[in-house]
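These notes concern the structure reproduced below.
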Amino acid sequence: MLQINGHNQHAIITGGSSGIGKAIARQLAEQGANISIISRSQDRLRSAKAEIEQARQSARQSVVTVVGDVSDRSQAEQAIQTAIEQLGPPHLLVTSAGIARPGHFQALPIDAFAEAMSTNYFGTLYCIRAVLPVMEQQQAGHLCLISSAAGLVGLYGYSAYGPSKFAVRGLAESLRAELKPIGIGVSVVYPPDTQTPQLIEENKTKPAATKAITATAKPWTADDVAQLILKGIQQNRFEISPGTEIKVLTRLHSLIAPLLNRYFDGIIARHPRQ
Ligand SMILES: NC(=O)c1ccc[n+]([C@@H]2O[C@H](COP(=O)([O-])OP(=O)(O)OC[C@H]3O[C@@H](n4cnc5c(N)ncnc54)[C@H](OP(=O)(O)O)[C@@H]3O)[C@@H](O)[C@H]2O)c1
């Protein structure tokens with residue numbers, strides 16, 4: 001199994017222009033890695049590149065930006081191809097590109113469900129399919145898929161987002177089993193609420209009950225989450241669960257579902273729909 005230590009290695013990070021993805025990119029640059037970041041907005045990529053370059057150990061490390069929408073199969077494949085052409089076969093792929101649109105099931109436009117699946121699930125799958133041929137050739141590499149606590153239990157207000165993150169978890173579980181024999185590691189991450197532009201955006205449309213459910217824990221910083229993710233990858237951990245609450249949820253979610261549902265139902269009853 002390849003040891004991911006950042007030094008002289010190539011990491012591709014989708015969604016690397018913001019939030020958790022950008023924090024991972026910056027920390028890998030501090031450890032000596034060459035970085036490719038993929039996302040849609042050229043401007044955000046440009047400013048993230050400047051930040052990541054600042055964190056490098058040496059000016060010889062490259063930071064490549066690739067514009068691409070991972071929900072579009074050909075754009076995702078092209079973006080991964082471009083990253084490989086620029087910096088060589090990747091040692092690590094982190095799929096952090098993601099969107100979340102909370103809201104009541106009936107109030108969300110039908111497109112929100114397809115968008116969540118296209119970006120969060122298929123965006124992850126397309127990028128993995130595109131890097132696997134070179135990783136298989138090297139019989140080495142590591143895939144890190146970013147799911148969510150909403151990918152472990154169904155949460156009020158996350159009927160579009162949650163199922164897409166359940167799908168990411170399912171994909172990670174299948175891939176772990178399939179890729180282990182050929183030396184490719186897989187991790188799946190269940191980040192807690194993390195202070196990022198996505199969370200700020202979500203908070204604008206979260207139903208009151210969803211806010212109350214998620215308000216029990218203080219949001220983490222993207223840097224702290226990224227640090228635990230990289231530690232987990234470096235230890236070749238399959239499940240990466242930052243914090244005690246997420247650890248308990250990861251281990252026991254099916255077992256404690258009846259208790260959790262009773263607890264959530266109490267909160268929901270105190271926050272009736274407007
Ligand atoms: N923040 C949290 O509390 C939290 C909790 C659990 C899980 N997560 C998950 O963690 C991951 C990172 O989230 P974050 O909070 O760091 O969000 P963020 O700050 O909004 O960053 C999301 C990144 O994904 C990119 N992106 C979105 N849609 C894309 C698309 N179709 N194609 C390519 N890139 C795309 C964005 O850039 P462009 O918009 O320019 O494309 C941006 O770089 C997501 O998968 C999210 O679901 C977050």
Enumeration of residues in the range 7-30 that are without any contact (Cβ under 8 Å) to a residue 40 or more places away in the chain and more than 21 Å from Ile200 (Cβ to Cβ): His7, Asn8, Ala29, Glu30
Top-ranked residue in the range 138-149 [being more than 12 Å from the chain's Cα centre (by Cα) and surrounded by 24 or more Cβ atoms within 10 Å (Cβ to Cβ); ranked as farthest from Ile84 (Cα to Cα)]: His142
Some residue of the range 210-230 being modelled with pLDDT under 95, more than 15 Å from the ligand (Cβ to nearest atom) and at negative phi: yes
Residue selected from the range 170-193 under the condition of a type in the set (Ser, Thr, Tyr) and without any contact (Cβ under 8 Å) to a residue 60 or more places away in the chain, by the criterion farthest from Val248 (Cα to Cα): Ser174
Single unsatisfied condition, Lys247 versus (1) within 16 Å of Ser147 (Cβ to Cβ); (2) buried (at least 16 other Cβ atoms within 10 Å of the Cβ): (2)
Filtered residue count, the range 27-44, keeping only those that are closer than 21 Å to Val225 by Cβ and either touching a strand residue (DSSP E or B) at 6+ places or on another chain (Cβ under 7 Å) or crowded, with 24+ Cβ neighbours inside 10 Å (or both): 8
Number of the condition not met by Ala55 [criteria: (1) at pLDDT below 95; (2) of a type in the set (A, V, I, L, M, F, W, C); (3) in contact with a Lys or Arg (Cβ under 6 Å, 6 or more places away or on another chain)]: (1)
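The values are calculated or read from the model by the stated rules, or taken from the named source; none is laboratory data. Computed from a prediction, not measured in an experiment: that's the story for all the values here. As a convention, Cβ positions derive from the backbone with ideal geometry for all residues, glycine included, and neighbour counts pool all protein chains shown.
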